[in-house]
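Each reported figure results from applying straightforward, stated rules to the coordinates on display, with no laboratory input. Since this is a predicted model, take the numbers as computed values, not measurements. Glycine also receives a Cβ, built like all others from the backbone with ideal geometry; neighbour counts cover every protein chain displayed.
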Amino acid sequence: MKNTSRSVDLNADLGEGFPNDEALLRRVTSASICCGAHAGDHDTIAQTLSLARRYRVTVGAHPGFADREQFGRREWPVSALAVAELITEQFEALNSMAREHEVSVRFVKPHGALYNQAQRDPSIAEGVIAALLRLAVPVLGQPGGELERFARETGVPFISEGFPERRYGPGGRLVARSEPDAVLHDPFEIGAQALRLVASGVRSLCIHGDDPSAVAKADIVLAALKADGVALRGFLDPVAG
């Protein structure tokens, strides 16, 4: 479903141990919070959950491969069953912590390599969706890939996501971080890409919390949206009227 309401969600990946979580939570409408596998620790995640509650930000789980050395961004050969178990276990771990802070975990967004593999590998996508069917929450992902296809076929709500600060290549896929200029820094380019993504129909824009300039980039996106008359609204918020 395309975003035709001139509103969009702004999300950030948080709880990973970087210093900008509170500043980003003052700006975003949703947060994908690390589950402690690829990064983060109990105290950091707990603090992020508490801050999300304070700032009334919708919380989701951000499960990833337990590969701290590569920050969960190294691809692994895994089965659909292993993926389903990974997501379920990490979601339940985060949800248990969230309940202590009176927070509901309301969606899932896979992290890093798991996210990218699910876009193109049917087995990985199948595993993600199998977990989501049990957990009964929506999934965030890039439009047009295997994850969206499996979600549509099974009835799992799919929230299309775009990246204002990442470069896109042919076919609408993200340029690998190992390539030059994979991450955008020019304010004009970031703002223009945010508006292009909204026009293309994405329902959420992502700011990576591990980026040292994440707060500045969030402000660039917010300014571009405001100047173009695009309202900020969480993708799970009810539509007025």
Give the long-range amide H neighbours of ARG73: residues separated by 5 or more places, or on another chain, with amide H under 5 Å away, using H modelled in the peptide plane at 1.01 Å from N. ALA113
Please identify, among GLY144, GLY171, GLY112, the residue showing maximal mean-square fluctuation in a Gaussian network model of the chain using a 10 angstrom Cα cutoff. GLY171
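Tell me, HIS208, HIS111, HIS62, HIS42 in order of fewest to most beta-carbon neighbours within 10 Å?
Numbers: HIS208 18, HIS111 24, HIS62 34, HIS42 10.
Arranged by neighbour count, lowest to highest, HIS208, HIS111, HIS62, HIS42 become HIS42, HIS208, HIS111, HIS62.
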Other-chain or far-sequence residues with amide H under 5 Å of SER7's (modelled H): ALA231
Sum of -39500 (n - 2.57) over DSSP H runs of 4+, divided by residues of the chain (222 nm, nearest 500): -13000 deg cm²/dmol
Point-charge dipole on Cβ atoms (K/R +1, D/E -1) for the stretch 7-232, about Cα centre, debye to 20: 600
Can you work out the FRET efficiency for the pair GLU22 and SER213, with r the C-beta to C-beta distance and R0 = 22 Å, to the nearest 0.05? 0.85
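Arranged by the count of other C-beta atoms within 10 angstrom, fewest first, what order do GLU69, GLU165 take?
Values: GLU69 7, GLU165 24.
Starting with the residue having the fewest Cβ neighbours, the order is GLU69, GLU165.
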J(HN,Hα) series, the stretch 209-224, from Karplus relation 6.51 cos²θ - 1.76 cosθ + 1.60, nearest Hz, glycine and proline x: x, 7, 6, x, 9, 4, 5, 4, 5, 4, 5, 4, 5, 4, 5, 5
Take the Cβ-Cβ distance between ALA66 and GLU100 as r, set R0 to 30 Å, and report the resulting FRET efficiency rounded to the nearest 0.05. 0.85
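Counting pairs of alpha carbon atoms under 8 Å apart in space and at least six apart in sequence, what relative contact order in percent does the stretch 7-232 give?
Values: 453 pairs, mean separation 49.0, N = 226.
Computed value for the stretch 7-232: 22 percent relative contact order.
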Placed amide H near GLY162: partners under 5 Å, 5+ positions off or other chain: SER204, LEU205, CYS206
Hey, what do the phi angles of the stretch 128-139 turn into as Karplus ³J(HN,Hα) couplings, whole Hz, using 6.51/-1.76/1.60 and θ = phi - 60°, x for Gly and Pro? 4, 5, 4, 5, 5, 4, 6, 7, 6, 9, x, 10
With θ set to phi - 60°, apply the Karplus curve 6.51 cos²θ - 1.76 cosθ + 1.60 along the stretch 161-166 and write out the HN-Hα couplings as whole Hz, x wherever there is a Gly or Pro. 10, x, 10, x, 10, 10
